[in-house]
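> Please see the structure below; I have some questions.
The values are calculated or read from the model by the stated rules, or taken from the named source; none is laboratory data. These figures come from a predicted structure and were not determined experimentally. Note that we place each Cβ from the backbone using ideal geometry, even for glycine, and neighbour counts take in every protein chain shown. Just the protein is used for accessible areas: all its heavy atoms, side chains included, with ligands, DNA and RNA removed. Shrake-Rupley method; radii C 1.70, N 1.55, O 1.52, S 1.80 Å.
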Amino acid sequence: MNKNERPSFLKGKGAAVGIVICFVAAIALVGAYTFSNYQSDIDEQTAKAGQQAEELTEDMGTDSADSTEETTTDDIVLPEADDDLAEETEEGLQGQSEEESSTENATGESEGETGTDEGSAVSTGDTSGVWFSEDSILAWPASGAVIMGYSMDQTVFFQTLEQYQYNPAMIVSGEVGETIGASAAGIVTNIEETAQTGTTVTLDMGNGYSAVYGQLSDVPLAIGDYVGAGETIGTLGEPTKYYSVEGPNLYFEVLKDGEPVDPMNFME
């Protein structure tokens with residue numbers, strides 16, 4: 001074998017290396033071409049995006065300018081409309097004020113007339129008689145005798161209840177249906193129905209004194225009525241269950257500033 005000749009396996013290895021180098025070169029060329037195309041696409045897309053942004057900015061600028069112009073126009077027109085509205089509102093308020101003034105005047109006149117009428121009514125009543133004092137005299141309120149007298153310092157026996165109690169009033173016997181007259185003049189302040197005293201009428205006799213008439217029926221009065229001394233308050237009714245044993249009677253109570261006092265102190 002010639003020494004200058006290479007072994008066959010070395011020849012095959014050289015060929016393989018050459019093929020590999022060619023393959024790598026081909027890949028490099030393809031990669032370079034692909035990258036070049038990719039870069040071109042990126043630049044083109046960037047340019048398009050920039051152009052679209054500029055167009056969008058221009059459109060927004062135009063819309064903003066239009067909006068500004070419209071707003072300015074509105075600002076010029078609106079104050080005129082507001083002035084008209086203010087004038088109409090002012091006129092409406094003036095008209096309303098005049099109507100209210102007329103109404104107030106009419107109401108004042110009406111109240112004045114009413115006050116005059118009421119004053120006349122009061123002046124014609126015997127208001128001088130609605131006055132009571134510790135020296136005043138009470139007329140006897142019913143036809144019978146006293147069944148139970150006033151007693152607030154010690155208890156007295158109630159036959160129907162069968163127990164001792166304090167008695168703030170004077171219990172006077174009478175006949176059912178007899179007329180009960182006012183012991184003194186007064187103004188009716190209360191008419192009520194209670195379980196203990198039945199139909200009950202309270203008269204304000206003046207100076208803090210009041211008279212309470214219980215066990216009544218057929219009361220012809222209303223709250224606010226003036227009742228002269230001796231005038232009818234009602235008729236004597238059937239006794240309530242609290243006085244069934246005592247029989248028909250008038251419950252007669254005198255109050256001074258809301259506190260009971262002995263009616264006998266004022267009897268003739």
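> Which of the residues that make up the stretch 198-212 are in a loop (DSSP other than H, G, I, E, B) and more than 17 Å from G258 (Cβ to Cβ)? I'd like the intermediate steps shown before the answer.
Going through the stretch 198-212, the residues in a loop (DSSP other than H, G, I, E, B) turn out to be 207-208.
Passing the criteria: none in range.
> Same structure again: State which residue is farthest from I187 (Cα to Cα) when the search covers only the stretch 223-243 and only residues that are open to solvent by 40 Å² or more (accessible area, probe 1.4 Å) and under 42 Å from the mean Cα position of the chain (by Cα).
If we filter the stretch 223-243 for residues that are open to solvent by 40 Å² or more (accessible area, probe 1.4 Å), which is where we start, we get 223-226, 229-232, 238, 241-242.
From the residues that got through so far, the ones that are under 42 Å from the mean Cα position of the chain (by Cα) too are 223-226.
Numbers: I223: 8, G224: 6, D225: 6, Y226: 5 Å.
Once the filter is applied, the top-ranked residue is I223.
> Report, ordered by the first and then the second residue, all pairs with beta carbons closer than 7 Å, sequence separation of six or more or different chains, a first member in the stretch 227-252 that is free of Cβ contacts under 8 Å to residues at least 60 places away in the same chain and assigned to a strand (DSSP E or B), and a second member that is open to solvent by 20 Å² or more (accessible area, probe 1.4 Å) and among the aliphatic types (A, V, I, L, M).
Going by the 7 Å Cβ cut-off, the qualifying pairs are V227/L221; I233/V219; I233/L221; G234/V219.
> Oh, and also: Since A184 meets every condition but one in (1) part of a strand (DSSP E or B); (2) within 23 Å of Y209 (Cβ to Cβ); (3) touching a residue at least 40 places away in the same chain (Cβ under 8 Å), which condition does it not meet?
Of the numbered conditions (1) part of a strand (DSSP E or B); (2) within 23 Å of Y209 (Cβ to Cβ); (3) touching a residue at least 40 places away in the same chain (Cβ under 8 Å), the odd one out for A184 is (1).
> Filter the stretch 213-222 down to the residues that are under 27 Å from E134 (Cβ atoms) and either in a loop (DSSP other than H, G, I, E, B) or under 38 Å from the mean Cα position of the chain (by Cα) (or both) and list them by number.
Scanning the stretch 213-222 gives a single hit, L221.
> Residues in the stretch 148-172 that are open to solvent by 30 Å² or more (accessible area, probe 1.4 Å) and either within 22 Å of Y209 (Cβ to Cβ) or part of a strand (DSSP E or B) (or both): how many?
13
> Please go through the stretch 159-171 and give me each residue that is over 18 Å from P263 (Cβ atoms) and touching a residue at least 12 places away in the same chain (Cβ under 8 Å), ordered by number. Explain how you work it out, then say what you get.
Initially, the stretch 159-171 is screened for residues over 18 Å from P263 (Cβ atoms), giving 159-164.
Residues satisfying the conditions are Q159, T160, L161.
> OK, next. Return yes or no: is E104 over 30 Å from V254 (Cβ atoms), charged (D, E, K, R) and modelled with pLDDT under 50?
On the way: over 30 Å from V254 (Cβ atoms): yes; charged (D, E, K, R): yes; modelled with pLDDT under 50: yes.
In short, yes.
> Go through the stretch 244-264 and give me each residue that's farther than 15 Å from N207 by Cβ and either open to solvent by 30 Å² or more (accessible area, probe 1.4 Å) or of a type in the set (D, E) (or both).
S244, V245, E246, P248, E253, P260, D262, M264
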